[in-house]
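First comes the structure, then the notes that go with it.
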Amino acid sequence: MLEQVKQVILVLSGKGGVGKSTVSTQLALTLKEKGFKVGLLDIDLCGPSVPYILNLEGKSIHQGPEGWIPVYLDPEQRLGVMSIGFLLNSRNDAVVWRGPKKSSMIKQFLEDVCWQDLDFLVIDTPPGTSDEHITVMENLRPVKNCAAILVTTPQEVAIEDVRKEITFCRKTGIPIMGIIENMSGYECPSCSHCTNIFSSGGGHSLAELAKLPFLGTLPIDPRVGQLAGRGLPAVKEIPDSSTSKVFGNIVDSLGGLLSNGL
Amino acid sequence: MSNVPENAPHHCPGTQSEDAGKVSACAGCPNQNICASGLPSGPDPAIEIIRNRLSNVKHKILILSGKGGVGKSTVTSLLGHGLAAKNPDINIGILDADICGPSQPRVLGVRGEQVHNSGSGWSPVYVKDNLSLMSIGFLLGSPDDAVIWRGPKKNGMIKQFLSEVDWGDLDYLLIDTPPGTSDEHLSLVQYLCGAGVSGAVVVTTPQEVALLDVRKEIHFCRKVALPVIGVIENMSLFVCPNCHSRSEIFPATTGGAVQMCTEMDVRMLGALPLDPLLARCCDAGDDFTAQLPHSPAVQQLRLIVDSIIAVCEESST
């Protein structure tokens, strides 16, 4: 099913809660705004966040003649989304599954979803380097154009886990497009004093250390947080924010990659 | 005979019988080899071993959250320090069950220490006289080493941690877990069913995107009959160090943990504010409770520790 996808982008991080889902959704939304056809696959089975962030909770998946039809965000069908969240009866239902069951679900997501022609398929992952990640790598092996974006926060404790994820990517042979540092500083709304709550610069120095491109720094911006649950792109709603600039730049370089015939 | 499967051949001697897999009726049965090997008998023997090993541990507490990065490891270490400081005569152990992303060695400031093996088992690393830690982080050669394991291997490691660590006499064993509701969590609950778990402390942050996963975790606890001691809300309010005004970085659009606790009928243990110094202490491995004993976070923590002790004491009597 993935032959018609021009480029697969995996959003990874060893650590949880650093903003993988926020980055995945904003990346997909920005790509869509720039006119690309995008798919977003959420393989976090125990904690799917994408349906909530994109305001698609309660939508359901239909079976078409060629496979599962993803949920589309827009009537023009430029952004298709697939997540286990669409298959649960209630939003509070827990998916209590061991590895093998998770692996077969992910395999189905990769093989049975009818994405049609896509420019980009963004895959949002759970934290760690275990079943989900091994399965997705194994199944993406025949796919030619596949790269990873790593998300981290500036704290040492997050960077420590992201270093493990870099090792994982190198071992499994997936090229790393670069590192994004999220939650860098917080500007106090009343005095505009910037506090580096989770310290700063960690992502940049990690990129230097691992000799990887640094894709940008996303500050803690409550305006971006408020977009969660509404499915709106930061580039359109808050175009002057540094978040939109970072995503704009990433998407421009991705677009260049695509027009160069990969 | 009760242990004859419904779809077994006629004259099946029963799977638990001495003759299982050996009598003539077994010829041609697809499960003959399994029966003959004598494997499928009874519950996992590890449960009994773990029960014996942990018989000197009074209270076993799991620290859970469906969501990653909400502060499970930070809260675990704070509870560990808080309990240890409260009374020098009680002993606390921390087991880091996050196999793919172990954070405890850094947060507790014991990175690079070695775990020693002796006749009585693996000796944990001592952070203080009465606070010890076991983590896979101690077994890795370099901080870049990734543990790329599927479920069964992770389960094996957890089984070893539970059955082979020589904790000595402990009053509290705090088990820090990875995010999710999968292998690690199921295995912990399963292996500890003989030894008995006091309950789970669930950590969350105020935003809906975290609460969404935390509700799933509470459902998981209900499914596996694990009592929930209570919920701790982390990163609640941010106090600007410059102008001391309060702001919500992660706004509780759906009422935060308080609302969730009422909805799901669980106890709210308290809320810890977001303190940049706390994040820094975690990175440096310093004991935040000793460094800033008068900060609002530590004062809140004391109250939380007291209510956890109260719940544990109550349930054991």
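Every number in this text was worked out from the coordinates using simple rules, so none of it is lab data. What you see is a predicted model; the values in this text were computed from it and never measured. Glycine also receives a Cβ, built like all others from the backbone with ideal geometry; neighbour counts cover every protein chain displayed.
At a 10 angstrom cut-off on C-beta neighbours, averaged per residue, how do the peptides B:88-95, B:172-179 rank from highest to lowest?
Taking the mean over residues of other Cβ atoms within 10 Å, the ranking is B:172-179, B:88-95.
Indicate the gyration tensor shape class of the protein assembly as shown (rounded, prolate or oblate), computed on the Cα atoms with a ≥ b ≥ c the square roots of the eigenvalues: a/c under 1.5 is rounded; otherwise a/b larger than b/c is prolate and the rest oblate.
oblate
Which of the peptides B:152-165, B:100-113 is most tightly packed, and how do the rest follow, judged by the mean count of other Cβ atoms within 10 Å per residue?
Put in order of decreasing packing, that is B:100-113, B:152-165.
Can you give the calculated 222 nm mean residue ellipticity of chain A, where each DSSP H run of n ≥ 4 adds -39,500 (n - 2.57) and the sum is split over every residue, rounded to the nearest 500 deg cm²/dmol?
After summing the helix terms and dividing by the residues of chain A, the value is -11000 deg cm²/dmol.
How would you rank A:61-70, A:9-18, B:286-295, B:251-260, highest first, on the average number of other Cβ atoms within 10 Å across their residues?
Sorting A:61-70, A:9-18, B:286-295, B:251-260 by mean packing, highest first, produces A:9-18, B:251-260, B:286-295, A:61-70.
With a 4.7 Å Cβ cut-off, tell me which Cys residues in chain A come up empty for a partner.
A:46, A:114, A:146, A:169, A:194
Give the calculated FRET efficiency between residue B:243 and residue B:290 to the nearest 0.05, with a Förster radius of 35 Å applied to their Cβ-Cβ distance.
So, using R0 = 35 Å, E works out to roughly 0.80.
Count neighbours as other Cβ atoms within 10 Å of each site's Cβ, and list the trypsin sites (Lys or Arg not before Pro) in region A:159-215 that are DSSP loop with at most 13 such neighbours.
Those satisfying the criteria are A:211.
Give, as a single signed number, the net charge of other residues whose beta carbon lies under 10 Å from the beta carbon of residue B:99, with Lys and Arg counted +1 and Asp and Glu -1.
-2
What is the set of long-range amide H partners of residue B:170 at a cut-off below 5 Å, with H atoms built 1.01 Å from backbone N?
So residue B:170 has HN proximity to B:57, B:58.
If a cysteine in chain B has no other Cys Cβ under 4.7 Å from its own Cβ, put it on the list, ordered by number.
Within chain B, the cysteines lacking a partner Cβ under 4.7 Å are B:12, B:26, B:29, B:35, B:100, B:193, B:221, B:261, B:281, B:282, B:312.
Pop out the ³J(HN,Hα) list for region B:177-193 in order, Karplus 6.51 cos²θ - 1.76 cosθ + 1.60 with θ = phi - 60°, rounded to Hz; leave Gly and Pro as x.
With coefficients 6.51, -1.76 and 1.60, one gets 10, x, x, x, 9, 10, 3, 4, 5, 4, 5, 4, 5, 5, 5, 8, 5 Hz.
For residue A:54, what residues show an amide H to amide H distance below 5 Å, using hydrogens built from the backbone and excluding near sequence neighbours?
So residue A:54 has HN proximity to A:229.
Go through region A:67-149 and name the GluC sites (Glu not before Pro) that are in a DSSP coil and have 16 or fewer other Cβ atoms within 10 Å of their Cβ.
Those satisfying the criteria are A:76.
Count, for each residue of B:211-220, the Cβ atoms from other chains sitting within 10 Å of its Cβ, then give me the mean as a whole number.
5
Going down the table (A:101/B:154; A:20/A:171; A:164/A:211; A:6/A:144), which pairs top 19 Å between alpha carbons?
Beyond 19 Å between Cα atoms: A:20/A:171.
Filter the trypsin sites (Lys or Arg not before Pro) in region B:1-102 to those in DSSP coil with at most 15 other Cβ atoms within 10 Å of their Cβ, and list the result.
B:22
Normalising by the residue count of chain B, find the relative contact order in percent from Cα pairs under 8 Å and 6+ residues apart.
Taking the mean separation of contacting Cα pairs over the length of chain B, I get 21 percent.
I need the phi-derived Karplus couplings for region B:17-24: 6.51 cos²θ - 1.76 cosθ + 1.60, θ = phi - 60°, integer Hz, Gly and Pro marked x.
6, 4, 8, 3, x, 10, 7, 5
Once the Cβ-Cβ distance between residue B:223 and residue B:160 is put in as r, and R0 is 41 Å, what FRET efficiency do you end up with, to the nearest 0.05?
0.95
What does the structure give for B:140-148 when I average, per residue, the other chain Cβ atoms found within 10 Å of the residue Cβ?
6
Skipping prolines and chain starts, which residues have an amide H placed within reach, meaning under 5 Å, of the one on residue A:146, given they are 5 or more residues away or on another chain?
A:8
With only Lys, Arg, Asp and Glu charged, each at its Cβ (+1 for the first two, -1 for the last two), find how big the charge dipole of region B:1-146 is about the Cα centre; round to the nearest 20 debye.
Once rounded to the nearest 20, the dipole reads 540 debye.
Give me the extension gain from residue A:89 to residue A:66: residue separation times 0.36 nm, minus the current Cα-Cα distance, reported in nm with one decimal.
5.8 nm
Residue by residue, what Karplus-based ³J(HN,Hα) values in Hz, rounded to whole numbers, does region A:17-29 have, using 6.51, -1.76 and 1.60 with θ = phi - 60° and x for Gly and Pro?
Those phi angles translate into x, 8, x, 4, 5, 5, 5, 4, 5, 5, 5, 5, 5 Hz.
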